[in-house]
Amino acid sequence: MTATGSDLQGRVDDVFGRIADAARLVDRDPATLTTIVVTKFHSDALVRELHGLGLRDVGENRHQEAQAKVAATADLAGLRWHFVGQLQSKKAKQARAYTFAVHSLDRDSVVDALGVDDGISLEGFVQINLTDDPGRGGVSADGLEPLVERVLGTPGLRLRGVMAVAPLDEEPRSAFARLRDLSDRVRALDPAADQISAGMSHDFAEAIAEGATHLRIGTAITGNRPEAR
Ligand SMILES: *Cc1c(COP(=O)(O)O)cnc(C)c1O
């Protein structure tokens, strides 16, 4: 399904309005928030439409799809690609070439593979698993400090903060409150790593209330995703 221009504009206006409302409700300035539009499964035409509406931060969760879309939109100035999915270590160097920020640093091997001393700082967020299920993405809270230290010791990576997805079986607000505490632990190791990537289409207001700085919003803006290919 491809969004028509006017529908897309309407959804963008609606979501940005709700983001601003959620921020003001907790005395935060909406201008301090970064909204990433997650375009996974959608065509590069949607990225083009978003760019035409003035949006610059887009997110993808699979390397092959991202790489193709980056190539197809290479003529668009100023796009920032955020990688939000699990990254295979063997694809990490390729992903580094087009990525502005990786939100899914979840293990040593991917951190090591992304680290290249090439004078460019790739922004990174350590992804934390807020569930009890080790099969979910992210490092467990127990493993947080060692992974953070690893990122801090890796050339070519600049730690911005933490990232998480709210568990399905917990109130998002309480999950994001836990994330905020984990963010404090990261800031104790690096005061500059104070950003929080949290909040999706259905829980961004709760994330904003708990200090999120980077929202990752898909369907509320893009419309329903086409079936996974
Ligand atoms: C798909 C995805 C999103 C966006 O999800 P929506 O519910 O469509 O807003 C955010 N974060 C990650 C990691 C995703 O994979």
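The values are calculated or read from the model by the stated rules, or taken from the named source; none is laboratory data. Note that the structure is predicted; figures quoted are calculated from it, not measured. Note that we place each Cβ from the backbone using ideal geometry, even for glycine, and neighbour counts take in every protein chain shown. With ligands, DNA and RNA removed, areas are computed over all heavy atoms of the protein, side chains included. Shrake-Rupley method; radii C 1.70, N 1.55, O 1.52, S 1.80 Å.
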- Note on the structure: Here the residues within region 47-67 that are within 13 Å of the ligand (Cβ to nearest atom) and either over 19 Å from residue 200 (Cβ atoms) or not small (Gly, Ala, Ser) (or both) are 57, 58, 60, 61, 62, 65
- Note on the structure: Exactly one of 141, 188 is more than 15 Å from the ligand (Cβ to nearest atom), open to solvent by 70 Å² or more (accessible area, probe 1.4 Å) and aliphatic (A, V, I, L, M), and that one is 188
- Quick one: would you say residue 221 is among the β-branched types (Val, Ile, Thr) and within 9 Å of the ligand (Cβ to nearest atom)? yes
- Item | Which listed residue is within 16 Å of the ligand (Cβ to nearest atom), part of a helix (DSSP H, G or I) and either within 18 Å of residue 137 (Cα to Cα) or touching a Ser or Thr at 6+ places or on another chain (Cβ under 6 Å) (or both), from 207, 175 | 175
- Condition set of a type in the set (A, V, I, L, M) and assigned to a helix (DSSP H, G or I), scope region 123-164, selection farthest from residue 96 (Cα to Cα): answer is 141
- Name the pairs whose Cβ atoms lie under 9 Å apart, with the first residue in region 212-229 and more than 28 Å from residue 174 (Cβ to Cβ) and at pLDDT below 90, the second β-branched (Val, Ile, Thr) and open to solvent by less than 40 Å² (accessible area, probe 1.4 Å), and 6 or more positions between them or separate chains? none
- Restricting the search to region 124-138, which residues are open to solvent by 60 Å² or more (accessible area, probe 1.4 Å) and within 16 Å of the ligand (Cβ to nearest atom)? 133, 135, 136
- May I ask you to list pairs of residues, at least six apart or on different chains, whose Cβ atoms are under 8 Å apart, with the first in region 102-123 being in contact (Cβ under 8 Å) with a residue 24 or more places away in the chain and away from the ligand (no atom under 16 Å from the Cβ) and the second being part of a helix (DSSP H, G or I) and open to solvent by 70 Å² or more (accessible area, probe 1.4 Å)? 108/150; 111/150; 112/150; 113/90; 113/93; 114/93; 116/93
- Restricted to region 70-95 and to residues being within 15 Å of the chain's Cα centre (by Cα) and free of Cβ contacts under 8 Å to residues at least 60 places away in the same chain, the residue nearest to the ligand (Cβ to nearest atom) is 85
- Task: Go through region 6-56 residue by residue and tally those that are in a loop (DSSP other than H, G, I, E, B) and either over 25 Å from residue 66 (Cα atoms) or of a type outside the set (S, T, N, Q) (or both).
- Result: 12
